[in-house]
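No value in this document is a laboratory result; all are computed from the given coordinates. Everything numeric here is computed off the predicted structure, so don't read it as measured data. So basically every Cβ, Gly included, is an ideal-geometry build from the backbone, and we count neighbours across all protein chains shown.
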Amino acid sequence: MGKTTIYLNKEAEEIYRQAKEYAGDNLSAVIVQGLKLYVEKMDMMAKGMTEQVIFDGKRFMHEDICQGKNLKFIGMKLAEGSTEYGHGDEYCHCFTLYLTRKGKFLVASSNVDQKSYIENFFYKVFDTFTEVMAAGYPSSMLEEARMKMPEVACEELDV
């Protein structure tokens, strides 16, 4: 088993003490877990992925009150789109398509009803881009995402 010495500054000593209390005799496993998370985050950032935050719930526009929760994940925004319908664009559906760090596709949607002044936010996760295309989202959004797919999903050969 290898041995490594880690030097901590004064600010880090308190975090180290707290981690040691939680971990007990297995502090090295906690340090390795933290390093793995750090490396994973740096790898994702190198691929253009960052932390994304979406809302899942309702917003009452008159009172500016929200009921729901924020959700976060690591991903990359691929495209946005919207559809409007009704008399005088009473209703609007807005969509944002993300590629997640696990290679899945997340569509965050908002549905605005101008009559009742309520905005609904929701999301759906798809395993493949084919499933996203079959779900009936705006073709302009799908085309924008498709144009980014080769650069995102391309594996570089070391030849």
Checklist entry - What pairs in K77/K102; K58/K124; K69/K115; K41/K77 have C-alpha atoms more than 19 Å from each other? => result K69/K115
Checklist entry - Calculated from DSSP H runs of 4 or more alone, at -39500 (n - 2.57) each and per residue, what is the 222 nm mean residue ellipticity of the chain, nearest 500? => result -11000 deg cm²/dmol
Checklist outcome for this item: Charge dipole of the chain built from unit charges on the beta carbon (Lys, Arg +1; Asp, Glu -1), centred at mean Cα; most positive-end Cα among Q67, F121, I6 is I6
Next on the checklist: Using a 7 Å offset from the Cα along the Cα-to-Cβ direction at both Q33 and A19, what is the distance between the two label points in nm, to one decimal?
Outcome noted: 1.1 nm
Checklist outcome for this item: One finds, for C92 and E51 with R0 = 25 angstrom and r their Cβ-Cβ distance, a FRET efficiency to the nearest 0.05 of 0.40
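In debye, nearest 20, what is the charge dipole magnitude of region 17-65 about its Cα centre with +1 on Lys and Arg Cβ and -1 on Asp and Glu Cβ, if you could check?
For region 17-65, the charge dipole is close to 160 debye.
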Next on the checklist: Less than 20 Å apart at the alpha-carbon level, and either on another chain or at least 8 residues along: which aspartates and glutamates does that give for K10?
Outcome noted: E21
Next on the checklist: In whole Hz and in residue order, list the ³J(HN,Hα) couplings for region 27-36 that follow from phi through the Karplus curve 6.51 cos²θ - 1.76 cosθ + 1.60, θ = phi - 60°; x for Gly and Pro.
Outcome noted: 5, 5, 5, 5, 5, 5, 4, x, 5, 4
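Based on the Cβ-Cβ distance from K115 to K69, what FRET efficiency comes out when R0 is 25 Å, to the nearest 0.05?
That gives a FRET efficiency of 0.45.
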Checklist outcome for this item: Note on the chain: alpha-carbon gyration tensor, axes a ≥ b ≥ c; rule is a/c under 1.5 for rounded, else prolate if a/b larger than b/c, else oblate; result oblate
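Charges only on Cβ, +1 for Lys and Arg, -1 for Asp and Glu: so what's the dipole of region 45-151 about the Cα centre, in debye to the nearest 20?
With Lys and Arg at +1 and Asp and Glu at -1, about 580 debye.
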Checklist entry - By per-residue mean of other Cβ atoms within 10 Å, what is the highest-first order of 73-84, 4-15? => result 73-84, 4-15
